[in-house]
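Contents: one structure, followed by commentary.
What follows draws every value from the coordinates through simple rules; no lab data is involved. Computed from a predicted structure; not experimentally measured. Positions of Cβ are backbone-derived with ideal geometry, glycine not excepted, and every protein chain shown enters the neighbour counts.
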Amino acid sequence: MFTTHEIRTERGILQYRRESLTGIRCRISPVRIERQIDSAPALPDSRERCPFCSDAINASTPTFGDGSRLHCGESVTFPNLYPFAKHHVVTVITTEHEPGRLSARHLADAISGTTQAMIRSPGYASINWNYLPSAGASIVHPHLQGIVDAEPTRLVDLYLSAGRRYLVDHGHLYWDDLVDRERCSERFLFEDEIFWSANPVPLGEREIRGILPISTLDEFEPYIEPLARGIIRIIEFYRDLGTYAFNASIFFDAPGTAGCGHRAFCSLIARLNPNSLSMCDSAFMERLHLEPVILTLPEDLGALFREKS
Ligand SMILES: [Zn+2]
């Protein structure tokens with residue numbers, strides 16, 4: 001499912017990995033972790049001017065066409081004031097500005113609210129989460145973003161086209177073959193309704209993916225709770241490893257495409273903690289070459305997960 005070309009450098013190894021299905025590539029250089037550029041999180045104290053805190057949210061956020069916001073448990077969903085997709089909603093997860101630890105209930109409600117708001121618009125949907133400024137969040141208060149467009153984003157397009165080709169060529173789903181293969185690897189983490197493992201060709205540091213047994217947003221509802229539980233478990237694993245900031249995305253195929261070769265999947269990557277130097281883990285290889293340099297071998301993540309849980 002992927003190839004590895006390894007060379008020895010003066011101080012260790014360097015691996016070039018390529019995912020066979022999509023051609024996605026990365027480089028893994030474990031020695032770079034010795035630079036120790038990540039530090040304890042320096043959390044910005046922005047509670048006072050936060051537009052998502054409960055005393056400000058009604059005055060500072062827009063409403064849908066009918067003048068409403070969507071409430072699901074503690075979460076509130078509304079249109080993004082600065083959209084970069086045809087349909088772009090924001091869901092504030094908790095009334096709490098900086099919840100120490102989020103519960104699976106909070107997250108499931110927020111994912112459910114985002115889903116209800118997006119299901120009104122046909123197209124290629126994803127639910128996304130930037131947590132903390134070093135992961136690209138402009139507001140610290142935890143919030144999800146749902147986007148829907150007529151065309152899939154580049155990554156989804158790669159998996160959809162290659163997945164459909166694979167189904168035609170092999171007569172079965174790439175994702176089923178992948179799960180069978182990964183279940184027996186060092187990268188496997190855990191499995192309930194959703195299959196969780198470290199991605200062998202990571203798009204970012206410590207990338208973990210959860211593969212759902214469905215492909216579209218309208219099939220998603222029964223899997224929201226197990227997905228929320230799984231995401232919380234991964235976030236806590238990241239915290240045990242010392243990283244608080246992360247990005248997460250859940251990618252869906254368009255409505256009416258069930259059985260066309262895709263599986264909805266959730267991807268999480270750890271990011272550097274917020275720091276006073278604005279040190280960041282995205283540089284020219286990640287942003288311009290689209291070939292991330294990774295420090296942690298995905299095979300080590302399985303062992304670390306078992307050690308911490
Ligand atoms: Zn707040």
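Based on the Cβ-Cβ distance from HIS172 to GLN36, what FRET efficiency comes out when R0 is 51 Å, to the nearest 0.05? Please list the in-between numbers first.
Values: r = 45 Å, r/R0 = 0.88.
The pair HIS172/GLN36 has a calculated efficiency of 0.70.
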The long-range amide H neighbours of ASN80, using H built 1.01 Å from N in the peptide plane and a cut-off of under 5 Å, are HIS88, VAL89, VAL90
Residues LYS308 and ASP45, FRET efficiency given R0 of 35 Å [Cβ-Cβ distance, rounded to 0.05]: 0.75
Write down the radius of gyration of the range 246-304 and its Dmax, each obtained from C-alpha positions, in Å. 15.9, 48
For the range 232-309, size of Cβ-based charge dipole, Lys and Arg +1, Asp and Glu -1, in debye: 200 debye
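Per DSSP helix of 4 or more residues, -39500 (n - 2.57); summed, then divided by the residues of the chain. What does that give at 222 nm, rounded to the nearest 500?
Working: 7 runs with 78 residues, N = 309.
Theoretical 222 nm ellipticity from helices: -7500 deg cm²/dmol.
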So, over other residues within a Cβ distance under 15 Å of PRO298, counting Lys, Arg +1 and Asp, Glu -1, the net charge is +2
Just add up the charged neighbours of ASP192: K/R +1, D/E -1, any other residue whose Cβ is under 11 Å from the Cβ of ASP192. -1
What percent do you get for the relative contact order of the range 53-309 when only Cα pairs under 8 Å and 6+ apart count? 20 percent
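Give the order of TYR82, TYR16, TYR131 when sorted by the count of other beta carbons within 10 angstrom, beginning with the fewest. Before the final figure, lay out each step's value.
Working: TYR82 7, TYR16 14, TYR131 23.
The most exposed by this proxy come first: TYR82, TYR16, TYR131.
Kindly put HIS262, HIS172, HIS87 in sequence by how many other C-beta atoms sit within 10 Å of each C-beta, fewest to most. Could the numbers behind the result be given before it?
Values: HIS262 25, HIS172 11, HIS87 19.
Fewest to most other Cβ atoms nearby, the residues stand as HIS172, HIS87, HIS262.
About its Cα centre, how strong a charge dipole does the chain have in debye, to the nearest 20, once Lys and Arg get +1 and Asp and Glu get -1 at the Cβ? Write down the numbers at each step before the final one.
On the way: 31 positive and 40 negative charges, 124 e Å.
Roughly 600 debye, rounded to the nearest 20.
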Please compute the length gained on full extension between GLN15 and SER278, using 0.36 nm multiplied by the number of residues separating them and subtracting their Cα-Cα distance. 91.9 nm
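Against the 2.2 N^0.38 Å scaling, with N counting residues, where does the range 36-75 land? I'd like the Cα-based Rg ratio to two decimal places. Before the final figure, lay out each step's value.
On the way: Rg = 15.7 Å, N = 40, 2.2 N^0.38 = 8.9 Å.
With N residues counted in the range 36-75, Rg over 2.2 N^0.38 Å equals 1.75.
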Beta bridges by DSSP in the chain, antiparallel share as percent, to the nearest 5: 95 percent
Suppose each label sits 7 Å from its Cα in the direction of the beta carbon; what would the SER60-ARG164 distance come out to in nanometres? 4.3 nm
For LEU288, what charge total do you get from the other residues with a beta carbon under 15 Å from its beta carbon, if Lys and Arg give +1 and Asp and Glu give -1? +1
Rounded to whole angstrom, the alpha-carbon centroid of the range 83-139 lies from that of the range 172-222 at a distance of 21 Å
Whole number please: convex hull volume per residue, Cα atoms of the chain, in Å³. 135 Å³
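Based on other C-beta atoms within 10 Å, arrange ASP45, ASP218 from fewest to most.
On the way: ASP45 9, ASP218 15.
Fewest-to-most Cβ neighbours within 10 Å comes out as ASP45, ASP218.
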